[in-house]
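Asks: There's a structure below that I have some questions on.
Rule-based calculations on the coordinates, nothing more; no lab input. Keep in mind it's a predicted model, so treat the numbers as computed, not measured. Because the Cβ atoms are built from the backbone with ideal geometry, glycine has one as well, and the counts that use them run over all protein chains shown.
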Amino acid sequence: MSQGEDRKKSFRKIAEISSLGLVLPSSIAVGMILGYFLDKAFATHPWLFLVFTLFGVASGFLSLFRGLKKFKDY
């Protein structure tokens, strides 16, 4: 492999790993926003907000662990 290809691979790994930092907060934000609007629509404040926030947290951690699992050998 040439030095240029090695460098490309390194930058690709760095980009993929750095994107993992946004997985958890973005999943939580999506759950919170969805719960907020569903609470407004069904007048169930604060229950759907809390449920979907917890779903967002669970989804975020699951995605984070799956992403980290790919890089455990590096």
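Asks: Please determine, by comparing only the residues of the stretch 14-33 that are touching a residue at least 40 places away in the same chain (Cβ under 8 Å) and surrounded by 14 or more Cβ atoms within 10 Å (Cβ to Cβ), which one is farthest from L54 (Cα to Cα).
Replies: Looking at the filtered set, the residue picked out is I17.
Asks: Being free of Cβ contacts under 8 Å to residues at least 12 places away in the same chain, farther than 20 Å from P25 by Cβ and part of a helix (DSSP H, G or I) is the filter here; which residues of the stretch 35-57 pass it?
Replies: Passing the criteria: D39, K40, A41, F42, W47.
Asks: Check L20 against each of (1) more than 18 Å from the chain's Cα centre (by Cα); (2) in a helix (DSSP H, G or I) and name the one condition it does not meet.
Replies: Going through (1) more than 18 Å from the chain's Cα centre (by Cα); (2) in a helix (DSSP H, G or I) one by one, L20 breaks only (1).
Asks: Working carefully through the options F65, F37, F55, find the one that is more than 18 Å from the chain's Cα centre (by Cα) and not acidic (D, E).
Replies: Selected residue: F37, the only one of F65, F37, F55 that is more than 18 Å from the chain's Cα centre (by Cα) and not acidic (D, E).
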